[in-house]
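The block underneath contains the structure these notes are about, expressed in structure tokens.
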Amino acid sequence: MQSSAQMPLEALRNMFDGSAVSIECEYTTEIQQTQVAGRSEIIVQGNMYTMKGNGLEVYCDGNTVWTIDAAAQEVVIEPCSPQERDYMANPALLLADIDDVFKMSGSRSLGSGRMEYTMDSTVSCGISKAVLVLAQDGMIISAEFSLDEGGDLKVNVSSMKKTEEKQASFFSPDRKFDSDWIVTDLR
């Protein structure tokens, strides 16, 4: 029988098992005394994701990441190898591989069915520590990540739900980058 401390974490694992998950969140990050804040809408499915917010669109089909600034007509295209598990290039893998990336170093009840989990990284992934606050149903309420390069990333989730499974093409941009675009292709 699972302890009540394990139930929200198990529900989170199950949420990402074989379906798409839609997340709406606000975030702040501070790296080298530079603070950035914004809102994002993210859809994660396996090792693929889309993220839209603050004028940027990011698509990842598990092999390639496209970061698009449509207003500036700029796109950066980078490789993202599922074999190498580049967690900073593909943060969707952090959720898919949570048990491989982190080990639990503590948990505590916050009341009302909410649990806080403190986890330390077990692999080189750009994150040294994570603190997740989960609802009993596994929904992420907030997350704070301590970054290896210094600074942190704080995320507050306003909505998180399973959605219908998407076709792989959903996780690639549906536009052509013609001569009007500045294309930086790092593949």
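Here are some notes:
- Highest-MSF residue in the chain out of Ser112, Ser128, Ser40 [GNM, Cα springs under 10 Å]: Ser112
- Percent RCO, i.e. relative contact order, over the chain, from Cα pairs under 8 Å lying at least 6 residues apart: 26
- Size of region 5-47 from its Cα atoms: along the principal axes, largest to smallest, the extents are 37, 25, 17 Å.
- Calculated FRET value between Asp99 and Ser159, using beta carbons and R₀ = 22 Å, to 0.05: 0.30
- Proximal lysines relative to Lys103, as straight alpha-carbon distance under 27 Å, when same-chain residues fewer than 8 apart are discounted: Lys129, Lys154, Lys161, Lys162
- Global dimensions of the chain from alpha-carbon coordinates: Rg and Dmax equal 16.9, 60 Å.
- Each stretch of four or more DSSP H residues adds -39500 (n - 2.57); spread over every residue of the chain, this sum gives -2000 deg cm²/dmol at 222 nm.
- Whole-number accessible area per residue in Å² for the chain, which is evaluated in the context of all protein chains at 1.4 Å: 55
- Put a dot 7 Å past the Cα of Thr122, heading toward its Cβ, do the same for Asp180, and the two dots end up 5.0 nm apart.
- Additional length obtainable on full extension of the chain from Glu41 to Arg13, 0.36 nm per residue less Cα span: 8.1 nm
- Local net charge near Ala37, Cβ-Cβ under 13 Å (Lys/Arg +1, Asp/Glu -1): -1
- Distance between modelled label sites at Gln136 and Thr28, nm, 7 Å Cα→Cβ extension: 3.1
- Excluding same-chain neighbours fewer than eight residues apart, the lysines reachable from Lys166 by a Cα-Cα span under 24 Å are Lys52, Lys176.
The values are calculated or read from the model by the stated rules, or taken from the named source; none is laboratory data. Quick caveat: nothing in here was measured; it's all calculated off a predicted structure. Neighbour counts run over all protein chains shown; Cβ positions are idealised from the backbone, glycine included. Quick note on the areas: whole protein, heavy atoms, side chains included, nothing else; ligands and nucleic acids left out. Shrake-Rupley method; radii C 1.70, N 1.55, O 1.52, S 1.80 Å.
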